[in-house]
1. Go through the range 321-355 and give me each residue that's open to solvent by 30 Å² or more (accessible area, probe 1.4 Å), among the hydroxyl-bearing types (Ser, Thr, Tyr) and assigned to a helix (DSSP H, G or I).
2. Is it fair to say Ala245 is touching a Pro at 6+ places or on another chain (Cβ under 6 Å), within 23 Å of Tyr110 (Cβ to Cβ) and open to solvent by less than 40 Å² (accessible area, probe 1.4 Å)?
3. Taking Thr277 as the residue in question, decide whether it is open to solvent by 50 Å² or more (accessible area, probe 1.4 Å) and either of a type in the set (S, T, N, Q) or in contact with a Pro (Cβ under 9 Å, 6 or more places away or on another chain) (or both).
4. From the list Ser123, Ser111, Ser105, which one is hydroxyl-bearing (Ser, Thr, Tyr) and open to solvent by 10 Å² or more (accessible area, probe 1.4 Å)?
5. If you check Ala109 against the conditions, is it of a type in the set (Gly, Ala, Ser) and within 22 Å of Pro47 (Cβ to Cβ)?
6. Report yes if Gly186 is open to solvent by 20 Å² or more (accessible area, probe 1.4 Å), small (Gly, Ala, Ser) and within 19 Å of the chain's Cα centre (by Cα), otherwise no.
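The values are calculated or read from the model by the stated rules, or taken from the named source; none is laboratory data. Nothing here was measured: the structure is a model prediction, and the numbers come from that model. So basically every Cβ, Gly included, is an ideal-geometry build from the backbone, and we count neighbours across all protein chains shown. Heads up: the accessible areas ignore ligands, DNA and RNA and are worked out on the full protein's heavy atoms, side chains in. Shrake-Rupley method; radii C 1.70, N 1.55, O 1.52, S 1.80 Å.
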Amino acid sequence: TTVHQIHRMAAILGRACLARATRAQSTAVRVMATHRGMSQESMATLPEDHEMFRQACRTFADQVLVPQAAEWDKNHTFPADAVRQMADMGLMGIAVSEEDGGTGSDYLAYSLAMEEISRGCASCGVIMSVNNSLYCGPVQAHATAAQKEEWLVPYASGEKLGCFALSEPGNGSDAGAASCTATRDGDGWVLNGTKAWITNGPTADATVVFATTDKSARHRGISAFLVSSADFETGKNEDKLGIRASGTCNVIFDNCRIPGANLLGEEGMGFKIAMSTLDGGRIGIASQALGIGQAALECAVHYAQTRESMGQPLSKLQTIQNKIADMALRQESARLLTWRAARHKDEGKSYIKEAAMAKLAASEAATFISHQAIQILGGMGYVSDMPAERHYRDARITEIYEGTSEIQRLVIAGQVVKELEV
């Protein structure tokens with residue numbers, strides 16, 4: 001019932017977003033929207049349909065994900081049934097148009113869903129994020145109509161699962177140093193090389209992969225390709241610190257021959273496609289971090305309200321109150337930055353700086369909040385009887401993938417210097 005309810009609400013939300021976008025084409029409406037965007041209410045509150053969608057996602061997370069998250073984490077179990085239910089709910093292609101298999105909603109709705117799903121299970125959150133942002137995102141933006149029919153529709157609907165192959169064992173944050181190559185062979189391409197740390201890799205049906213097609217052009221010589229899992233090999237499933245229910249592995253291309261029609265976008269445009277994809281993906285990871293931070297905050301506050309020390313609940317002690325205040329402040333500040341980034345993307349504004357700020361603030365908030373949660377729980381925070389230690393382990397990756405905190409600071413500084421250039 002909850003799944004069907006959310007799917008109906010997602011469809012309604014998608015139509016509402018489309019209607020708003022159509023109305024916004026009017027100059028008068030654009031002016032009014034600009035003034036509304038400046039108000040405190042529009043920045044700090046959600047439209048009614050988005051709030052209903054958010055609450056429905058929270059209900060699903062509480063009923064389906066929370067009861068199973070610890071077991072999935074402990075056993076490194078891919079939550080296949082939960083992912084199928086998320087697909088039935090329309091959560092695997094939220095910002096993809098209905099004609100391309102998605103829900104037809106917007107990035108704000110995607111952010112809200114990501115937070116609530118990740119609050120229930122951070123592994124389910126990243127599985128959803130990769131399919132939405134990193135796979136469907138670039139395919140929707142750069143694929144031809146024929147490519148979308150094969151490579152987008154079944155993925156946005158959740159029938160199939162996608163992944164994103166950019167990182168390599170030797171390039172770290174230097175995404176332009178791709179050693180994976182794609183060489184022309186008649187009317188097709190032959191790919192060789194290894195991609196590392198590929199989330200969804202073990203279970204994906206296809207990947208967007210970035211390979212060098214012209215070494216002399218450096219980052220301008222990188223191209224993007226669509227490759228079926230039938231044509232690549234995968235390495236071992238990594239034994240990770242956190243998000244242990246999501247699969248992560250190397251993706252290996254050994255004389256992998258693909259048709260010329262599998263080129264995504266134009267030859268040499270791969271680096272630009274990757275960078276723009278990561279900008280949108282950072283909103284998703286910021287939202288995942290918000291979900292982890294919210295889960296840790298709720299865990300700590302609930303424990304502080306029920307655990308007594310020196311004749312009163314921990315929540316009455318000033319030291320604990322100070323911690324809770326700092327945790328809540330960072331959480332809500334990061335949430336507003338994330339909503340702002342999502343709204344900028346939905347409105348067609350530049351959101352490079354906003355997405356980097358959101359990811360930096362939310363990921364560091366999640367790490368801080370989950371750390372403080374363990375301090376509040378004390379010994380109970382260090383054992384798996386309580387979820388605090390899992391939240392702490394899950395939070396740490398949000399400062400690393402889709403651009404480390406150090407990279408986010410470089411992005412932010414670069415944008416600020418450009419904005420204030422004299």
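1. Scanning the range 321-355 gives a single hit, Ser333.
2. Taking the combined requirement at face value, the residue satisfies it.
3. For Thr277, the condition - open to solvent by 50 Å² or more (accessible area, probe 1.4 Å) and either of a type in the set (S, T, N, Q) or in contact with a Pro (Cβ under 9 Å, 6 or more places away or on another chain) (or both) - is not met.
4. Ser105
5. It is true that Ala109 is of a type in the set (Gly, Ala, Ser) and within 22 Å of Pro47 (Cβ to Cβ).
6. When the stated conditions are applied, Gly186 does not pass them.
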